[in-house]
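For reference, the structure discussed in these notes is given below.
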Amino acid sequence: MAWRSSGASNTDLIENLWRNKMITDPRVKAAFLKVDRAQYAPSNPYDDSPKSIGHSATISAPHMHASAVEKLLPFILPSETRPSPRVLDIGSGSGYLTHVMAELVGDKGVVVGVEHITPLRDLGEKNMRKSADGRQFLESDRVKFRVGDGRKGWTEDGEEGEGLWDAIHVGASAKEVHPELLRQLRAPGRMFIPVDDDGEGWSQHIWCVDKDAEGKVERNKLFGVRYVPLTDAPKV
Ligand code: SAH
């Protein structure tokens, strides 16, 4: 099912993800339709498969991005209790998912993409500049791309470190649910994170980590995946 969603155009790809129930929420579908994957994937952008973007990184498959957004949705959308959602995208790579989530957070929302490889930080921003929406998000500071070690989360200069993010997406496989990420999750908040079960990268699962309004943490193992690892930055 997951791999059957390839299409001949962006609309085709998203309609196939919808038909195959990889996207089930109309708001998620609308956000994906607004972002042309051709501006982010270097080849065959409408295939439902990952593609290399250099530096040992990949743009994940569309069905993976779809399941991440569907899972994080309640914490990404603005609401009465959460008028300005703050979303952290760790391992932003191509910038594609950062853009899709920026379509959902609303005027007052913020999405920060963190990369530990500077050329990939720059690639995300360059790709986003290809569309009018993307340029507007960058100019209005709805989206920021930063260089840093995502295992430590992200704090802008001058911001308090406590309870910063409504939603955290981790785009590379972690050795553990890093304590600093959990600390930076708001109460309530949700993290979508692939975790390496055996420390060797052979077995990875997505974990959905919820912090409730009282700060109580619940971890749910969702499904098996294959992500590139969350690592130290390569030496230059
Ligand atoms: N979500 C992106 C990229 C996924 S690949 C997309 O779909 O396009 C995983 C990314 O995580 C790579 O770009 C890699 O450089 C980045 N990464 C790996 N370890 C990291 C770390 N410690 N801190 C920040 N980014 C990291």
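The values are calculated or read from the model by the stated rules, or taken from the named source; none is laboratory data. Note that the structure is predicted; figures quoted are calculated from it, not measured. Neighbour counts run over all protein chains shown; Cβ positions are idealised from the backbone, glycine included.
The number of residues in segment 1-40 that are part of a loop (DSSP other than H, G, I, E, B), touching a helix residue (DSSP H, G or I) at 6+ places or on another chain (Cβ under 7 Å) and not β-branched (Val, Ile, Thr) comes to 7. Taking (1) among the polar types (S, T, N, Q); (2) over 16 Å from Met101 (Cβ atoms); (3) surrounded by fewer than 21 Cβ atoms within 10 Å (Cβ to Cβ) in turn, Gln184 satisfies each apart from (3). Within segment 19-56, which residues are within 10 Å of the ligand (Cβ to nearest atom), surrounded by fewer than 22 Cβ atoms within 10 Å (Cβ to Cβ) and hydrophobic (A, V, I, L, M, F, W, C)? The one that is within 10 Å of the ligand (Cβ to nearest atom), surrounded by fewer than 22 Cβ atoms within 10 Å (Cβ to Cβ) and hydrophobic (A, V, I, L, M, F, W, C): Ile53. Selection of strands (runs of 3 or more DSSP E) fully inside segment 166-229 by the criterion of at least 2 residues being closer than 19 Å to Pro85 by Cα returns 185-196, 204-211. Restricting Asp157, Asp197 to those that are more than 12 Å from the ligand (Cβ to nearest atom), at pLDDT below 95 and touching a His at 6+ places or on another chain (Cβ under 8 Å) reduces the list to Asp197.
Taking the residues in segment 205-236 that are within 16 Å of the ligand (Cβ to nearest atom) and either modelled with pLDDT of 95 or more or among the hydrophobic types (A, V, I, L, M, F, W, C) (or both) as candidates, determine which candidate is surrounded by the most Cβ atoms within 10 Å (Cβ to Cβ). Per the stated criteria, the residue is Leu230.
In segment 107-133, the residue that is nearest to the ligand (Cβ to nearest atom) out of those that are among the small types (Gly, Ala, Ser) and farther than 22 Å from Ser67 by Cβ is Ser131. Taking the stated definitions as given, is Lys21 of a type in the set (Lys, Arg), without any contact (Cβ under 8 Å) to a residue 60 or more places away in the chain and on the phi > 0 side of the Ramachandran plot? Yes, satisfied.
Taking the criterion of being near the ligand (Cβ under 10 Å from one of its atoms), part of a helix (DSSP H, G or I), of a type outside the set (A, V, I, L, M) and out of contact with any Leu (no Cβ under 7 Å at 6 or more places or on another chain), the residues of segment 57-98 that qualify are Tyr96, Thr98.
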